[in-house]
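The values are calculated or read from the model by the stated rules, or taken from the named source; none is laboratory data. Not measured: the values here are computed from a predicted model. Don't worry about glycine lacking a Cβ; one is built from the backbone with ideal geometry, like all the others, and counts go over all protein chains shown. Note: accessible area is taken over every heavy atom of the protein model, side chains too, but ligands, DNA and RNA are not part of it. Shrake-Rupley method; radii C 1.70, N 1.55, O 1.52, S 1.80 Å.
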Amino acid sequence: MPILKSYLGGAWVEGGEPAQALLNPATEEVIAHVGSCAADLGAALAHARTRGGPALRALTFAERGKLLRGMCDALQAHRDELLDLAVANGGNTRGDAKFDVDGATFTLSAYADLGQELGERKFLLDGEGISLGRSPRFHGQHIRVPRHGVAVHINAFNFPAWGFAEKAAVALLAGMPVLSKPATSSAMVAHRIMQILVEKAALPEGSLSLLLGGVGDLLEHVGPQDVVAFTGSSDTGSRIRSLPGVIRNSVRVNVEADSLNAAILGPDATPGSETYDFFLKDVLRDITQKAGQKCTAIRRVLVPTSVSDRVRDDLADRLAAVTVGNPASEGVRMGPVATAGQLKDVREGIDLLARDGRLVFGASDLKPLGVEPGKGFFVGPALVELESGADGPSVHSHEVFGPAATVVPYSGQASEAAELVARGRGGLVSSVYSEDAAFTVEVVLAIAPHHGRVFLGSAKIAELSPGPGTVLPLLVHGGPGRAGGGEELGGARGLGFYMQRVALEGARPVVEKIAGIVAS
Ligand code: NAP
């Protein structure tokens with residue numbers, strides 16, 4: 001039975017008691033152990049700051065990009081092994097596992113390309129030079145330089161590969177060393193990724209560390225040059241933001257949290273149209289992919305009242321064809337949720353949603369394929385329907401992190417759809433499926449302030465798009481309010497979190513000389 005170790009201070013470190021068992025969520029079989037963190041985490045951060053930071057800052061963007069390319073290639077070479085681990089420890093189907101693992105390498109690759117584009121420089125100019133006084137001699141210029149701390153990354157259980165890569169790629173390219181803390185329950189993939197990278201990716205000493213077995217006192221040691229990027233529940237995010245050391249040192253914190261993502265069907269996208277089919281496909285994918293344990297999954301399905309019965313029936317028919325079971329078995333399309341705790345939360349959450357309306361699809365006698373009776377953290381897909389005009393307090397306020405969505409009828413008016421979406425109090429992504437330009441523009445502009453991303457679901461992109469649930473590295477990910485108020489990725493935009501923007505103010509030749517060094 002493997003005992004997973006942390007990688008801290010340039011060495012593999014075993015945790016102490018009590019150890020936690022990692023399970024296969026389909027069988028409840030124990031497949032690894034991880035001890036509680038017993039290391040000196042202040043020393044681990046100091047090692048990353050003093051060894052990894054200077055080594056990365058000495059490299060140009062192009063050289064850091066090459067490091068990312070090496071990480072990407074190393075993980076690609078072990079793709080099958082990582083997919084197998086994601087199936088075993090994450091309850092992922094092979095398709096779900098690819099979504100996570102290939103998403104990780106795709107993101108590393110995108111940031112490797114960005115490193116090449118940014119070229120042989122170590123800093124960034126931010127905008128043009130500015131004349132500040134009556135004479136052009138008095139000049140200003142903004143630049144961005146890497147922070148001299150550690151990027152502490154705390155990740156959620158649902159994307160152990162992508163969650164690691166989407167944060168690490170950006171921080172390393174910016175020139176900051178990373179200490180990554182994956183969620184414990186699904187840590188096998190993140191642990192194997194770190195082993196592969198330590199063995200194969202030739203990373204500078206101290207540039208990458210891994211902490212397993214709980215966060216320990218890590219956040220008591222963060223300082224003013226460090227940053228914390230967190231993905232997980234709003235509660236944990238709020239706790240991190242309010243830690244005394246974080247407040248005292250004004251530690252930059254980015255939070256990616258919950259979201260009640262909505263999909264709006266426009267009144268023009270009638271059943272039988274290409275746009276309608278595109279919409280159904282995306283909603284169905286989001287309910288079932290990764291058993292709905294995707295932060296970007298569609299939770300609220302807003303449809304004109306005139307077609308809501310049809311949408312409900314079409315979704316229910318398609319959900320009935322989804323085979324739930326052990327992802328290791330042939331033909332299984334949806335696996336279990338990740339832990340017993342998640343299962344309990346999801347079941348309770350579905351009950352809560354159903355109190356707002358009625359459960360129109362959801363198997364009470366689920367018999368997962370290839371599973372011993374009574375074993376595994378399985379819940380079947382569930383569809384709830386609200387009455388037209390019903391308030392739906394839980395539907396608009398409670399994220400069920402599992403395979404569940406609610407059909408919410410609306411009048412067909414753009415303003416009403418936008419008002420319903422805004423009840424989610426801030427989200428990662430919502431989508432509009434329509435070919436009617438006026439409707440789309442009105443909805444998009446009304447819901448944009450409440451989101452990090454808005455997906456325009458037109459038949460014109462149906463063949464090209466992976467749907468709203470896929471986070472692309474060149475677009476920002478994050479959202480206001482409930483979603484945590486954070487922002488990640490977005491190509492070069494993501495680097496900003498890991499870099500300090502500094503305004504240079506002085507005599508033009510001196511400022512321009514420094515700017516010239518920065519730019520070259
Ligand atoms: P969680 O319980 O908040 O855990 C997230 C991470 O925080 C884990 O690594 C966990 O470690 C760690 N953690 C727990 N307590 C902590 C503390 N007091 N201080 C610092 N770190 C702590 O969330 P989860 O249940 O894993 O994730 C599900 C939630 O994440 C969902 O609500 C989902 O919407 C959200 N999510 C958001 C995004 C996004 O990009 N916005 C992506 C994925 C998931 P342990 O595992 O060791 O406890």
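At q = 0.23 Å⁻¹, what base-10 log of I(q)/I(0) does the Debye formula yield for segment 70-168 when every alpha carbon is treated as an equal point scatterer in vacuo?
Per q value, in the given order, log10 I(q)/I(0) is -1.17.
Compute the angle between helix 508-519 and the longest alpha-carbon principal axis of the chain, please, reported from 0 to 90 degrees and rounded to the nearest 10.
Tilt of helix 508-519: around 60 degrees.
What whole-number volume per residue, in cubic angstrom, does the convex hull of the C-alpha atoms of segment 155-253 give?
Measuring per residue, one finds 99 Å³ for the Cα hull of segment 155-253.
Can you give the extra length, in nm with one decimal, that the chain gains between Gln76 and Arg248 once fully stretched, where that is 0.36 nm per residue apart less the Cα-Cα distance?
Going from the current span to full extension adds 57.8 nm.
Using amide H atoms built 1.01 Å from N in the peptide plane, name the residues 5+ places from Glu488, or on other chains, whose amide H lies under 5 Å from its own.
For Glu488, whose amide H was placed from the backbone, the distant partners under 5 Å are His477, Gly478.
Summarise the accessible area of segment 1-118 (1.4 Å probe, protein heavy atoms) by the percent that is carbon and sulfur.
Its accessible area is 53 percent carbon and sulfur atoms.
Kindly report the accessible area of segment 462-503 per residue (heavy atoms of protein chains, probe 1.4 Å, no ligands, DNA or RNA), in Å².
With all protein chains present, segment 462-503 gives 42 Å² per residue.
Please compute, for the alpha-carbon atoms of segment 63-119, the extent along each of the three principal axes and give them in descending order in Å.
On the principal axes, segment 63-119 reaches 41, 15, 12 Å in Cα extent.
According to the square roots a ≥ b ≥ c of the eigenvalues of the Cα gyration tensor, what is the shape class of segment 380-520, taking rounded for a/c under 1.5, prolate for a/b larger than b/c otherwise, and oblate for the remainder?
Taking the square roots of the gyration eigenvalues as a ≥ b ≥ c, segment 380-520 is prolate.
Check cross-link reach from Lys181 to the lysines: straight Cα distance under 22 Å, and skip same-chain residues fewer than eight apart.
Reachable lysines: Lys5, Lys98, Lys167, Lys200, Lys290, Lys294.
Roughly how big is segment 319-363's charge dipole about its Cα centre, with Cβ charges of +1 (Lys, Arg) and -1 (Asp, Glu), in debye to the nearest 20?
80 debye
Mind pulling the angle between the C-alpha long axis of helix 94-118 and the longest principal axis of the chain? Nearest 10 degrees, somewhere in 0 to 90.
Roughly 30 degrees, rounded to the nearest 10.
Of Cys37, Pro409, Leu219, which is farthest on the positive side of the dipole of the chain, counting Cα position, with +1 on Lys and Arg Cβ, -1 on Asp and Glu Cβ, and the Cα centre as origin?
The one lying farthest along the dipole's positive direction is Leu219.
Using the crude model of +1 on Lys and Arg Cβ and -1 on Asp and Glu Cβ, and no other charge, please compute the dipole size for segment 390-443 relative to its Cα centre, in debye to 20.
Once rounded to the nearest 20, the dipole reads 220 debye.
Using just the C-alpha positions of segment 385-455 as equal point scatterers, what log10 of I(q)/I(0) does the Debye formula give at each q in 0.14, 0.15, 0.25, 0.26 1/Å?
The calculated log intensity ratios at q = 0.14, 0.15, 0.25, 0.26 Å⁻¹ are -0.44, -0.50, -1.31, -1.37.
Hey, any idea what the orientation-averaged projected area of the convex hull of segment 113-175's Cα atoms comes to, in nm²?
Averaging across all directions leaves 6.5 nm² for the Cα convex hull.
In the chain, with Lys and Arg counted as +1 and Asp and Glu as -1 at Cβ, which of these residues, Ala462, Gly325, Ala171, has the Cα nearest the positive end of the dipole, that is, farthest along it?
Ala171
Per-residue HN-Hα couplings for segment 229-244, Karplus 6.51 cos²θ - 1.76 cosθ + 1.60 at θ = phi - 60°, whole Hz, x for Gly and Pro?
10, 10, 10, x, 6, 4, 4, 5, x, 5, 4, 5, 4, 9, 5, x
Let me know the shape class of the chain, please: from the alpha-carbon gyration tensor, a ≥ b ≥ c as square roots of the eigenvalues, rounded when a/c is under 1.5, otherwise prolate if a/b is greater than b/c, or oblate.
Oblate shape, in that a/c is at least 1.5 and b/c is the bigger or equal ratio.
Could you list the chymotrypsin sites (Phe, Trp or Tyr not before Pro) in segment 149-200 that lie in coil according to DSSP, counting only those with at most 10 other Cβ atoms within 10 Å of their Cβ?
none
In whole Å, what are the extents of segment 307-347 along the principal axes defined by its C-alpha atoms, from largest to smallest?
That works out to 37, 28, 8 Å along the principal axes.
Applying 1/(1 + (r/R0)^6) with R0 = 60 Å to the Cβ-Cβ distance of Leu366 and Asp126, what FRET efficiency is obtained, to the nearest 0.05?
0.65
Provide the packing ranking of 344-353, 479-488, i.e. peptides ordered by the mean count of other C-beta atoms within 10 Å per residue, highest first.
The most tightly packed comes first, giving 479-488, 344-353.
Would you give the gap between the C-alpha center of segment 347-379 and the C-alpha center of segment 55-126, rounded to a whole Å?
After rounding, the separation between the Cα centres reads 36 Å.
Across segment 63-76, in residue order, what do the Karplus-derived ³J(HN,Hα) couplings come to in whole Hz, using 6.51 cos²θ - 1.76 cosθ + 1.60 with θ = phi - 60° and x for Gly and Pro?
5, 5, x, 5, 4, 5, 4, x, 5, 4, 5, 5, 6, 4
How do 207-217, 391-401, 285-295 rank on mean C-beta neighbours within 10 Å, highest first?
In decreasing order of mean packing, 207-217, 391-401, 285-295 become 285-295, 207-217, 391-401.
Semi-axes of the equivalent ellipsoid of segment 165-212: what are they in whole Å, largest first, if each equals the square root of 5 times a C-alpha gyration tensor eigenvalue?
18, 13, 9
Which residues' amide hydrogens lie under 5 Å from the amide hydrogen of Lys181, considering only partners 5 or more residues apart or on another chain, with H built in the peptide plane?
Amide H neighbours of Lys181: His153, Ile154, Asn155, Leu211.
How far is the Cα center of segment 136-203 from the Cα center of segment 255-321, in Å?
Spelled out, the Cα-based centre of one part sits 33 Å from the other.
Semi-axes of the equivalent ellipsoid for segment 267-342, please: Cα gyration tensor eigenvalues, times 5, square-rooted, ordered largest first, whole Å.
The three semi-axes for segment 267-342 are 27, 14, 10 Å.
From the phi angles alone, apply the Karplus equation (6.51, -1.76, 1.60; θ = phi - 60°) to segment 123-131 and give each ³J(HN,Hα) in whole Hz, x where the residue is Gly or Pro.
Values, residue by residue: 10, 10, 7, 10, x, 8, x, 10, 7 Hz.
With +1 on the Cβ of every Lys and Arg and -1 on the Cβ of every Asp and Glu, and nothing else charged, how large is the dipole of the chain about its Cα centre, in debye rounded to the nearest 20?
Here the chain has a charge dipole of around 1800 debye.
Could you tell me which of rounded, prolate or oblate describes segment 443-520, using a ≥ b ≥ c as the square roots of the eigenvalues of the alpha-carbon gyration tensor, with rounded for a/c under 1.5 and, failing that, prolate when a/b is larger than b/c and oblate otherwise?
Prolate, because a/c is 1.5 or more and a/b exceeds b/c.
Relative to the longest principal axis of the chain, what angle (0 to 90°, nearest 10) does the C-alpha long axis of helix 308-320 take?
For 308-320 against the chain, the angle is about 80 degrees.
How far apart, in nanometres, would the label points at Ala58 and Ser520 be if each is projected 7 angstrom from Cα along the Cα-to-Cβ direction?
For the pair Ala58/Ser520, the computed spacing is 2.2 nm.
Give me, ordered by chain and number, the residues 5 or more places off Gly457 or on other chains with an amide H under 5 Å from its own placed amide H.
The answer is Val432, Tyr433, Ser434.
With both bridge residues required to lie in the chain, what share of the DSSP beta bridges run antiparallel, to the nearest 5%?
Counting DSSP beta bridges with both partners in the chain, the antiparallel share is about 45 percent.
Given only helices, namely DSSP H runs of n ≥ 4 each adding -39500 (n - 2.57), what is the per-residue ellipticity at 222 nm of the chain, to the nearest 500 deg cm²/dmol?
So the helix-based figure for the chain works out to -11000 deg cm²/dmol.
Over the Cα atoms of segment 224-373, compute the convex hull volume and normalise it per residue, giving Å³.
175 Å³
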